[in-house]
Every structure is written in structure tokens, then in C-alpha cells.
Amino acid sequence: MSLCRSSRRPLFLLRTGFKWTLPRRSIVGRRSVIVFLLTFAGCGGGEDFSKPPAGVAERLAKAPAAPSDSSTTKKTDGAASQSATSEAEGEGIPEGATGEGSDSVAKEKLKGDVAQRLNPTADAAASSEDVSSKPAGEEAMKPPAMAEKIGAVQSEQPVNAAPQQAAVPGKSPSAPSDPTATPAAGASEAETMTASGRSAKSLNDKKNDNSKMSVAENAGGLLGSLKSSKPKADATQPAIAGNAAAPEVLTRFGRMALSQPDWLRLVTRLSRRFFIGTSLDGTRVLASSGERSAGLVQSNANPELQGRSGTQQALDELLQSVASLPEQVGCLELTSDGNTALFGTADGRVLVRMISGKHNWDLYARDLFLFQDEIRPSARLSADPLVLIREIEGGQLLSIDAKGQCAIWKIGDVIRSVPPIETISGTDVASLNSAAVEPTPVSKFEVKGLQILSFCESADGLWVAIISSDETVTVVQTASGQVVDQLTAEHFADTQPVCVAFLPQRQEMLTGLADGRIFRRSFGKDATPVSGVSDTGEPVDYDAVFIPDVKDRPDSITAITPIPGSNFAYVGSVTGTLARLDVSQRRMELLPSKQEGAVLELKVCPFGTLAIGEERRATIFDQPVSLITRELPPPRTLELPTDEALKETEVVDPETAATSRPPTRTAALREPPIDQDMIGIRPPQPEIALLHHQLRSATDHDRRQTVRIAILRLQGKSDRLLDAAVPGSADDYKISAEPTLLSETTTDFLFSGQVWQDVRLTLSQDGRIAVLSHLSRPGITVVDMPTGVVLRRWTAVPGARQLVLNDQFARLIPGGTVSAELSLGSGALTIDPLRPYLVCAMSPDEKSTIIGQIGSAGIAANALTRIDDLSASRSDAAEMFESMVTALAYSSNGESLYASFRGRDQTTLQELDPKTLAVRATLVTEPLPGVVPENPAEALNGTCGVTFIQTAATNKSLLTFGTHEDGPQLRIWRRTNKGWPKESVQIFRDKDLLPDPEFSQPAVFVNQLDTKVAIVTKTGLAVMNVRKEKLESHLPIPNVGSRRPSGCISPDARWFVAGDPDGKMWVISLANPAKKPLSFQAHSGPIAGVVISANGKYMLTAGEDNRVRSWSLGKFMEQ
């Protein structure tokens, strides 16, 4: 501690009247102490301590008379002493700025930084008495800190009241803490408070007192309130060696809150926010993952819907990776619908990549989007690198290049359209890939500064604001592209603006500052100014709605977003703190969620609030109350792709930087992991890849045949294979010794070391489109059998229990544990997690489909949905409480629909009108203890009542199978003039006659008549005369190893087809099982799956040799 600073303490005690009584000892001892104090004071022997210093005396002479009450004087002086002591002890002062070693390097550096901003010829130090003189109410009215939930001054009216005119300079300010509220008539001026908690009267007195001081003493307005760790030097004393002429000054607010290096680091950190983009609803987040790559993460908006009881985790995952971009990425954007990613490059272009996640599209549709993006002409927006691109209202795009040139474009001119895939030829691919266009901007303007800190668009899309590193807020009208205002740091009390947010329905905005304060002010020449009072008593045109506590370290505000329909706003800081600000009451509430690093973005979404941190971690907080648990869900965290190249950016000194922005990326990193599902799905030859995509996109038969012929010729195969599959051809009427092999394709299924399951198959009526599914490769694959081209592969769909293919409308609906609809034409995947289902049925004419829903505990909902394919309409019916549909079946003529429902403690079987879904008859309602199973995957294997329904061609008999309260049962129902009487129901419980549930169709009426029933059991094939209740025949069918053989029943209920371990297919007549079965060699290994087309003309077989083959049956079965 310097001698000059040490001398102030005894002098200060004497001047404030502190009674210090020396011990009653010898006069010599007492004189020694006094001499020691005078010597230690270092003020010379000639100084008169009975008089105040000259500067203080002059001020006291000009000041009004002090109160005569000595107690008041002592109290005031005591408060000043306490304040000065707390400041000297380090309040708001960095460690090492006080105490011993005041001439340290850290203090000299701080002193030098401050000296550069002050007038070098003026003495800017304020005396400790001036610094510590605070209004009486300030200690009780401390502004709220970001780290505490405390309140400041409550205004009497909300902030959205009509604003008043700005205070006139030179007049005594009397505005309330909320400048938009009008004080009551006759209100005391001393009761009017500013945002920092001081009364207007005390501030006015402070201003008058400051006006009597010299410029050097006042230190230029805001800098006059800086804290000094050293007293004012006495002009009569010689300068002490080691002390600079400028005082050592520390500040809590204003420009001096951050040092220049800290400000540069903050600018660099915030410029990284433009490597992240979000969709409008916040469910998708795009983030760079390297110099030429990015990743898109999709967040499930309702994680509880993934489990009906809300216990499963949210489906948050990396939806899509974008890799190997042709140019280095300088910024990116995700369109509002979340389906298009835009990349601003180092050469001034915008690259477009369509988002096609596996939860929305199959692999080949995603590859088609990528193929189109690669040949899509790019738009060149600048000759310099792009540093910001953002979609704005009105179908426009805003861009800023490295030289600060800003432009607004029509988004249709930037995202160039691609010619329809069917019109592109092989020779067009190369020319399209190299094309680049230069669109004409709607408007252009310039933004100053080396880097962009923040961008904000108003909720109504009328305005955008851009904050640059030169401490300027540029406000632009989006409709005209005109700059309506440019606000500098001087408009914010000489403080650097960091982020902004527009207030709704007003031409005002909230501005987050580098020192942690938040100001509200208007913008534009035609706006009504905001009125307020600064801490120095000056009338200002802004309102400080939040001022941190002086004890807190500077915590720059980096993100603000208003909460729609309220006076609240979410606030994020550079340290990752998240808070909720009550703008009208000026209260800040700290939220439990916290980011790692600076908060780069805040977005209010329908499912909560999304906060994205600098360390590439997103948090979803303040979610709505769960509909299932009736509780507030805890915050969720999403891991975003990381970009190590951004962390290697160096801080550039603006005084030595070039006129263009420094390069943002400095590291050359390896590309992120490639989506393994996408490897190898595109042929290396562009011409063949184009033909494959044209085959997938073909909508009519003739076009599809033309593309098939072109592909077969490239494969070196004859196009006569197509003639053999045409219905009505010569092979269709020729009786042959075995079926005709039409085509084959290979698979990659695994049959060893797995729980056995047949390959689920279905085949189109022309025998050319095959659908495959197996548990070893989760997903569903669609193959064009004549060419072997894989048309579709949905990896997000697990193995299906049944596959319902609609040929006419190219739609596939899997049944079982899947709740999805798949489009063969586009590859689109539609999943509704709110309406899961297990079973579905298609009408015989393929013009409508019925879906049976799964209900939830405690919820009443419609159990059936009807899809009308002709009108593309849907209708719901059969509202039930806690129920699920366990079985569905159309009658053979399509005039009736049968459905089984499992509800709470009961099960019901009904006949419905297939068009209106109205109930025609209830066959039975019987007790069944329990509720809807928690796990739908196990529902059909448990005690759920009827799980299989089969009708006879006469529509007078019905066969059902399921597990009831007293065990599994096979039942035969008879229709009479009185409906479906229970007395005529035949019930079979013999385990040798019960169907094998592993077969998708384990029982039928033979020849579609109602006299005989064929049942595929766990031991063989049984044929029973139900009229006589007599078993006519039972044909044992041996296992294939440890499993039952794969087999199926023909759609006309005449044949049973099964495979053996040697790859042979056996055909058994259901009308006469004793007749010698037909057989042919289909595969070289065990048969793993078989299906016959709905018209009975084609067969599809799968073997453990990983081959799938299609056959034309012709008259083979007529032998």
C-alpha cells in the first residue's frame, strides 16, 4: 500500500469526528503515537489538519448548508465510511487491485487502459466522499442480479402503456421508473424512482452537485461515477515515484465494463451463432460439423408420445448429415419449415440441400434429393465470402458478405428449381452440376464492422436489426430494404450493444448490452421516443429495464426473446445463464437451466423454449404441462454436431485487421461420419443412377416399362422378361411342370443366431413389385423384380407383422408394431405417434382401407379410421374408452366390416358398415379381466380376445380365433334371420385344432365355402368339416430344423404352399389333402418365406440363400 493511500485513513478518522481515545499512559508515550501518525501520514509537518483541503473547502462553500443535527452528520459520514471501505476492500475491483503491491503489473495495465479513454490533461479521479455518496434508498433498492431472484422497483402500470415524450434537457426529470406510466397528480418528486432504485430528487441533487464541479472532477458524465482505488493527489505534494499521473479507475457499467481483449473475444464467440440455424417451430436444428459439412438434429416435440405412459425417452437424434460440400462454409440457415438447408460459402455462393430425414423419407428418396441438389444451379450472391444468411418474412433472404455488403433477395431466386427428374437425360447431368446464376437483389445496403454479432427479425416481419462489431445497431425495413435507423454505443449510455429483440406492436426494442444491462428504446424517426432518467440525473431517450447488481461481474447479455402475449422475455448471457425478465416490473428470475458457454439463441416454440449454447448443446425448458402425467416435464438437452474448426478462430485486433473480415475457419478437419445406411445405394455411373431414380418416380405403367427396358439393356438382359409377366400372355394358359422363374434379387438378411421369423412378403398383382421385411434388417424394402432395382427402403420402420399393399394407389401400410403409411411413388413416410395401431384391412376393390387404433389408459378416443383412396379423405368413428382394435376383416364382397375391440375388463366383436363405420350388430361382449396392454408389441400375443377374423364367400359364416378368459379358442359363427345368435356358435379348444399364430393367415374356409375349414396348426395341416364337427384329415408337416416351415394359403383358399429344408416348394390341395402334392425346386437352401399375389397368378419366395425369386404360376397348380 502506498504511503499516500495509507495516510488517508487517520486523516479520514479525524475529519469525520471519530473519537479515538489513547491509553492513559505517560505523556511521552502519547506524544510518540501522535508523532508516529503524523510521520506515517507523509503529509509534511506544515499541513494544517484543522482545515479541509482546498478542493473540498471550495465545494463545501458552494454547497447548501448541512443539517444542524450532529447525529445526522455522523450517520451520513458513517455511511460514507462504510461505502468507501467496502469499495476499497474490493467491491467491483479485480483481485489484486487493492491492498499491498498497488504498483503491480496488473494495476498498471488497468490504469493504462483507463487512461487511454480519459482526457490525459484532466484529473478524472473523484474523491472517496463523492464516490460513496449514495441516495438513502439505494441499499434497499438494489437492482436485481442475474444470479439471484430479487426484485427492484415495481412500476404502477405495465410497460406496454402509451409512452410519453422524451424528457427535455435542462429540466428537472420527474419520470417514474416505468417511463410509460403517468405519475399521479401531486406525487412527491422524491418518490419517483429510476430503474436503478434512486429517487429522481436525489439524482437531480447529484446532477446539480456535479455541475458545480470541473470537467476534470466530473470525469465526463458516465466516467465520473467510476470507482477510484486511490485518492486525489494533493497539488502541493510532490508526485510519488511509481504512480502514474492518471488515476487507477474501475467501472461496473458502460464501455469500461469489458476490456478490449474481452470485447474482441465476445465478438468472435457471438459470430459463431451464424453456423447454427433452427426451424420455425424449433423441432429441427442445423449446425456445422466441419469446414464442408453439417448435421441436422430433430427433436421430438412430444417425447411422452413415444411411450403411451410417458416413460420413454425423447426421440432426439441426428436426422441427417450433410457432407462433402464443394466449398468451405461461412454461414448457414435452415428454412422456416425445416426442410431446406442453405449454406453460404467462401466464394459467395449459396448451396442448397434438401432435408430428407429417415423419419420422413426412405433412403432412395433421400438420395434423389441429394442427386437433385448436386445438379441444382447455385446462386452467387457476392464475390466475397458470405458471413450471414437468414430467411426473413415475405419469402425473402438476407445476406451479408465479408465486406459488410448486405442485400435482400427473393428466396425463389436463390433456391433454384431443378428440372423434373423424368425430363433429365444423362448428358444433362454434367452441365447442370456446373451451372451458377447471379440473381438480382431486391435491395442493398452496407453494414459497418468487421464481424456480425447478432441478427433479429420482428415477430410481424416488418423490421430486422443487425449488430456489428463497430457497436452499431442497423435497423432495416424488410418491405423496402431501407435503413430506418442506425444506433451506436452513444445511444446506449456509451455501452456496446450485443443483442436486440423487437417488442410486439411497438416501434421499440430491447437491447442487451455488454455490461449486463438491458435498455428499452425506440427506433426510427417517426417513432415516439422513450423517456427515462440516467443514473447521473440526465434525461435520456431510453429506459433501463434491467441493471445488474454492482457486486456482480459483468455478464454480457447475448440473447433476448420476448414471450408472446406477455410482458416477459427470456434472457441469456455470455456465461450461459438463463433468466426470465418481467419487463414491466423490472424483475429478473434466474432459471434452473444453464448453458455451457454463451447463449447464442433463444426461441419460444409450441413445445417450450429452445436455448442453444456456444458449446453446441441445446436445452428445451419451460415445456407445457404433460397431458399424461399432468406435471411440468423437466428440461431436456440435445447434443448438436460440434465444429472444432470454429474453436481455432483467433481474436483479431481491429486496429491491425484488414478492411475485410478475417477468415472464420482456420482448421482443415476430416469429414464427419457418413450415414452408413446411405453407403452403396447409388450406382457409381451417373446415367444408371438417373435411370434408377426415374424408375422410382414413374407414375404410369407405360413410362415405367420404358425405363425398365432401358435398365435391362444396360444390364445386358433381354426385355422379353417383361413379356413373360404380362397377365393374359401365353404362359398364363399353359400347363407346365413347374412355375416359370421371372426374376430374382439378392438380400442381406441374417438367418443364423437370431430368433426365427419368416421373411414377411407381399407381391403386386402384376408380379413385378415385391415388398420384403425381416427382423435381422429392421425396415421395409420394395424391389422392382424384373430389373432388380431397389425402389424403396424405409429404415425407420421396424419389422412388420403384416404388409398391406395397395397397387392402385401405390401405398403400403404395415401392420403389427408399426404406425406408419408409406408411399411407393414418393418414398414419403407418415407416422402419427398420437394414433398408433396394430391391425388394418383393405377392401376387396382396393379403394378404401380401415385402420384400427390403440387407445390409452384413461382416454376416450376414436378406435377406427377409414381412408378413402378415391377422394383422399379420412373419417374417424367408434369412440371408445381405453380400448384397442385387435382384429379387422372385410367380407368377401366388401359390404361388411368385422372388428374386435379389447377394452377395460371386456372384449367385443361387432359387424360394421364399411362406409360409415356404424354398428350393425354386436356379436358378443364378454368379460375379460385387465386393460389395454402397456406394450402394444405384446398385445396380440396375450389375452386380448379375438385376434384373427376370416369370412366365408357366402357371408353367412365367420371364423374367429383368439385367447379368451378360459384360454385360446377357435369359433365358428353362423348368420341367421335373427343376426348372429350365440346359441349357434361352435367353439373348438382342442390344441391340435388351434391355429398357429405365427402364420399371418392360419385358417380359411376351404374353397371360400362355409362347410369346411382348413387350419394350419403347430404340427401340420388339419381340414375339418364344421357342419359335422368332424376332422376329415390331418397332414403332418415336419419342422425345418427347430422351426415351423414357411408357408401360406392361396387367396382363393384352394391351396396350401410350404417350403422344406432343401429349398423345395410343396403345393397341397385343401379340398383333397390326400392327393399327392406338387413340388418344384425354388432355392438351394431352406425356404424362409412365401406369398401368392392377390389374383393367384404369381408367387414370391425367399430362401436362406439370400435370394428372393418371383414366379409365374400359370396352370401349374391345375395339374
Over the stretch 834-995, what relative contact order in percent results from Cα pairs under 8 Å that are six or more residues apart?
-> 14
Where does the stretch 994-1050 land on the Kirkwood hydrodynamic radius, alpha-carbon pairs, in angstrom?
-> 11.8
Where in the stretch 552-604 are there GluC sites (Glu not before Pro) that are in a DSSP coil and have at most 16 other Cβ atoms within 10 angstrom of their Cβ?
-> GLU596
Could I have the simple spin-label model distance between LYS448 and ILE421, label points 7 Å from Cα toward Cβ, reported in nm to one decimal?
-> 5.2
FRET efficiency for GLU615 and THR922 from the Cβ-Cβ distance with R0 = 56 Å, rounded to 0.05, comes out at 0.40
Between THR706 and ARG630, what is the spin-label point distance in nm, taking each point 7 Å from the Cα along the Cα→C-beta axis?
-> 6.4
Place the peptides 464-474, 1067-1077, 1053-1063, 905-915 in order of packing, highest mean first, counting for every residue the other Cβ atoms within 10 Å and averaging per peptide.
-> 464-474, 1053-1063, 905-915, 1067-1077
Of the chymotrypsin sites (Phe, Trp or Tyr not before Pro) in the stretch 314-420, those whose Cβ has at most 12 other Cβ within 10 Å and which sit in DSSP loop | none
Furthest towards positive pole of dipole, LEU897, HIS964, TRP980, structure part the stretch 834-995, Cβ charges | TRP980
Which length gain, in nm to one decimal place, applies between GLU374 and ARG904 when the Cα-Cα distance is subtracted from 0.36 nm times their residue separation?
-> 185.3 nm
Extension gain LEU1031-ASP719, at 0.36 nm per residue separation less the Cα-Cα distance, in nm?
-> 107.3 nm
With label points built 7 Å along Cα→Cβ from the Cα atoms of LYS1018 and GLN986, find their separation and express it in nm.
-> 2.3
In Å, what Rg and Dmax follow from the Cα atoms of the stretch 834-995?
-> 15.2, 47
The stretch 506-518 - phi-based ³J(HN,Hα) in whole Hz, Karplus 6.51/-1.76/1.60, Gly and Pro as x | 9, 8, 9, 8, 8, 10, x, 10, 5, 8, x, 7, 10
Compute the length gained on full extension between SER324 and SER566: take 0.36 nm times their separation in residues and subtract their Cα-Cα distance, giving the result in nm to one decimal.
-> 82.6 nm
Kindly write out, for the stretch 700-706 in residue order, the coupling ³J(HN,Hα) from the Karplus curve 6.51 cos²θ - 1.76 cosθ + 1.60 (θ = phi - 60°), rounded to whole Hz, with x marking Gly and Pro.
-> 10, 5, 5, 4, 5, 5, 4
Efficiency of FRET from Cβ geometry, ASN977 and ARG777, R₀ 45 Å, rounded to 0.05 = 0.30
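A short reminder: the numbers here are calculations on the coordinates, not readings from a lab. The structure presented is a predicted model; accordingly, all values stated were derived computationally and were not measured. All Cβ positions, even for glycine, are placed from backbone atoms using ideal geometry, and neighbour counts span all protein chains on display.
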